[in-house]
Structure formats: C-alpha cells, structure tokens
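Trainee: Just dropping this structure here.
None of the figures in this text is laboratory data; all of them are computed from the coordinates on show. Predicted, not measured: the structure shown is a model, and the values here were computed from it. For neighbour counting, all protein chains shown are included, and Cβ atoms are generated from backbone atoms with ideal geometry for every residue, glycine included.
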Amino acid sequence: MKKFGNTANKINAVLRAINKGEKLTGRQIAERVKKMGYRVNEGNLKMFIYYNMLHKYMEKESIKGVNYYYLA
C-alpha cells in the first residue's frame with residue numbers, strides 16, 4: 001500500500017473515488033480510497049475532507065446526524 005505524496009495527490013484520489021451525483025459518507029469514501037491501493041486512516045481522511053475540500057471541491061449534507069459528501 002502506498003502513502004499520499006502531497007495534498008494534491010490526496011485531493012485527486014478522493015475526487016476519483018466519488019462519481020458525479022453520488023452522496024457518500026466519510027467511511028465509504030475511505031473504503032474506496034483503500035481499494036485504490038492507498039494506506040488511509042478513516043478519521044484522518046474525514047478531517048482532511050472537512051478542512052481542505054469542503055466548499056471548494058465538495059459539499060456536505062447532514063442526514064439523520066450523518067454527514068454525506070458529494071461533488072460541488
């Protein structure tokens with residue numbers, strides 16, 4: 001399993017994991033990125049999405065207390 005080289009690589013991997021029109025939880029995104037061959041900690045990835053990707057690349061919707069992310 002490989003690590004992310006930098007922030008841009010991590011952003012591109014997350015964006016490749018989500019298809020247009022899908023709403024996924026942070027756990028589902030982490031599982032897809034793991035299947036792509038990256039070493040990922042679910043909590044770290046959720047925090048990365050929240051602080052670095054929200055409102056620029058992705059939007060968030062809370063359904064029954066669970067955050068669902070989708071492409072902006």
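Trainee: Given R₀ = 22 Å, what would the calculated FRET efficiency be for residue 55 paired with residue 9, taking r from the Cβ atoms and rounding to 0.05?
Mentor: After rounding to 0.05, the efficiency reads 0.60.
Trainee: Hey, another quick one. Within the chain, what's the longest stretch lacking trypsin sites (Lys or Arg not before Pro) that sit in DSSP loops with no more than 11 other Cβ atoms inside 10 Å?
Mentor: 21-38
Trainee: Restricting to bridges with both residues inside the chain, how much of the DSSP beta-bridge set is antiparallel, in percent to the nearest 5?
Mentor: Details: 8 of 10 bridges.
Beta bridges within the chain, antiparallel portion: roughly 80 percent.
Trainee: Output needed: percent of Cα pairs per 10 Å distance bin for the chain, bins running from 0 to the one holding the longest distance.
Mentor: Histogram of Cα-Cα distances, whole percents per bin: 20, 61, 18, 1.
Trainee: I would also like to ask the following. In the stretch 19-72, which GluC sites (Glu not before Pro) fall in coil by DSSP and have 14 or fewer other Cβ atoms within 10 Å?
Mentor: Loop-located and lightly packed - 22.
Trainee: Summing -39500 (n - 2.57) over the DSSP H runs of n ≥ 4 in the chain and dividing by its residue number, what mean residue ellipticity at 222 nm do you reach, to the nearest 500 deg cm²/dmol? Can you show the working numbers first?
Mentor: Details: 3 runs with 28 residues, N = 72.
My calculation for the chain gives -11000 deg cm²/dmol from helical runs alone.
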